[in-house]
Amino acid sequence: MEGFDLIIFDCDGVLVDSEIIAAEVESRLLTEAGYPISVEEMGERFAGMTWQNILLAIEREAAIPLSASLLDKSEKLLDARLAAEVKVIDGVKQMLSRIRKPYCICSNSSSHRLDMMLTKVGLKPVFGPYIYSAKDLGPDRVKPKPDIFLHGAKQFGADPARTLVVEDSVHGITGARAAGMRVVGFTGASHTYPSHADRLTEAGAETVISRMTELPGVIAALAEWSEAI
């Protein structure tokens, strides 16, 4: 793993299996508001986006005015379900025990939600203070912008070109690539869909895995490949 200074993990859909819960809550709220959409389509189209940006995208597409109250309603419903239901992705704890490089989390979720989810699944002590929310940088600096990835790398003095990101969404991969970082795609969460791996590859992932236990070997292989060039 000599080829990397830092490993950055997204949280939702990479460390915790939360994207499927968000898709269920948000698809119901949108359908009730006059924009019928399935859980599967939510995951395929909007995974990795903030709820606010999802609403803005739908308003532009469908010319349906969506009530501002949907913002707060979704947050409350989703927080309650995540607090009760969210689980760690299979293999994450085993994988982290084998990573010998510094690592952190860079997420679009709020600091409050990250703290709640990571505490519930037992990952908060593993990452310690190295958990960063794009929302803390400003509402206009979330993924797919590269800001949160560059912020994470800066905390470690890491060269973006020697930083590897693990992401499950096209939006996240777009942001990581814009930051000048290399990316491994992940499709092992419950919100995955048939063309998921292809879309992550098209967005810029060098390889895609579906089991977290594969990651240490992939990191080593990518580092070795870089040094051989």
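The spacing between the range 187-203 and the range 67-103, judged by their C-alpha centroids, is 18 Å.
Report, to the nearest whole %, how much of the accessible area of the chain belongs to carbon and sulfur atoms, 1.4 Å probe, protein only.
Exposed carbon and sulfur together represent 52 percent of the surface.
Rounded to the nearest 0.05, the FRET efficiency derived from the C-beta distance between Asp159 and Ser38 at R0 = 45 Å is 0.60. Computed over the chain with a Gaussian network model linking Cα atoms closer than 10 Å, the most mobile of Ala80, Ala47, Ala176 is Ala80.
Can you give the direction-averaged projected area of the convex hull of the alpha-carbon atoms in the range 5-107, in nm²? Display every interim value, and only then the final one.
Details: hull surface 30.2 nm².
Approximately 7.6 nm², given one-decimal rounding.
Determine the relative contact order of the range 99-222: mean sequence separation of Cα pairs under 8 Å and six or more apart, normalised by residue count, in whole percent. Working shown, then result.
Values: 176 pairs, mean separation 22.4, N = 124.
Computed value for the range 99-222: 18 percent relative contact order.
Helical content of the chain, expressed as a calculated mean residue ellipticity at 222 nm, amounts to -14500 deg cm²/dmol (DSSP H runs of 4 or more residues, -39,500 (n - 2.57) each, divided by residue number, nearest 500).
What helices does the chain have that are whole DSSP H segments, at least 18 Å long along their own axis by Cα, and with mean Kyte-Doolittle hydropathy of 0.0 or more?
Long hydrophobic helices here: 19-32, 215-228.
Where both bridge residues fall in the chain, DSSP classifies roughly 5% of the beta bridges as antiparallel.
Near the amide H of Leu6, within less than 5 Å, lie the amide hydrogens of Leu164, all on another chain or at least 5 residues away, with H placed in the peptide plane.
Rounded to the nearest 20, the size of the Cβ-charge dipole of the chain about its Cα centre is 560 debye, with Lys and Arg at +1 and Asp and Glu at -1. Fully extending the segment from Ala221 to Asp115 would add 34.9 nm, taking 0.36 nm per residue of separation and subtracting the current Cα-Cα distance.
Placing a pseudo-label 7 Å from each Cα along the Cα-to-Cβ vector at Asp198 and Lys93 gives an inter-label distance of 3.7 nm.
For the pair Arg45 and Arg211, what calculated FRET efficiency results from E = 1/(1 + (r/R0)^6), where r is the Cβ-Cβ distance and R0 = 35 Å, to the nearest 0.05? That pair, Arg211 with Arg45, gives E of 0.90. Using the empirical formula 2.2 N^0.38 Å as the baseline, the Cα radius of gyration of the range 135-177 reaches a ratio of 1.10.
Ordering Val86, Ser27, Ile105 by the projection of their Cα atoms onto the charge dipole of the chain, which places +1 on the Cβ of Lys and Arg and -1 on the Cβ of Asp and Glu, puts Ile105 at the extreme positive end.
Please list the three semi-axes, largest first and in whole Å, of the ellipsoid equivalent to the range 92-132, using sqrt of 5 times the eigenvalues of its alpha carbon gyration tensor. Before the final figure, lay out the partial values.
Numbers: eigenvalues 65, 28, 12 Å².
Semi-axis lengths for the range 92-132 are 18, 12, 8 Å.
Amide H contacts of Ile37: Thr31, each under 5 Å away and 5 or more positions distant or on a separate chain (H built 1.01 Å from N in the peptide plane; Pro and chain starts excluded).
Coordinate range of the alpha-carbon atoms in the chain per principal axis, descending: 54, 33, 32 Å. If you run the Gaussian network model on the chain, springs between alpha carbon atoms under 10 Å, then out of Leu56, Leu118, Leu78 the most flexible one is Leu56.
Which entries in Lys76/Lys135; Lys76/Lys145; Lys76/Lys120 show an alpha-carbon gap greater than 19 Å? Don't jump to the answer; show the numbers that get you there.
Values: Lys76/Lys135 17 Å; Lys76/Lys145 26 Å; Lys76/Lys120 17 Å.
Over 19 Å Cα-Cα: Lys76/Lys145.
Listed by chain and number, the aspartates and glutamates placed with their C-alpha closer than 13 angstrom to that of Lys124 are Asp115; residues fewer than eight positions away on the same chain are left out.
The values are calculated or read from the model by the stated rules, or taken from the named source; none is laboratory data. The model shown is predicted, which means the values in this text are computed figures rather than measured ones. Note that we place each Cβ from the backbone using ideal geometry, even for glycine, and neighbour counts take in every protein chain shown. Ligands, DNA and RNA are stripped out before the accessible areas are found, and what is left, the full protein with its side chains, is counted by its heavy atoms. Shrake-Rupley method; radii C 1.70, N 1.55, O 1.52, S 1.80 Å.
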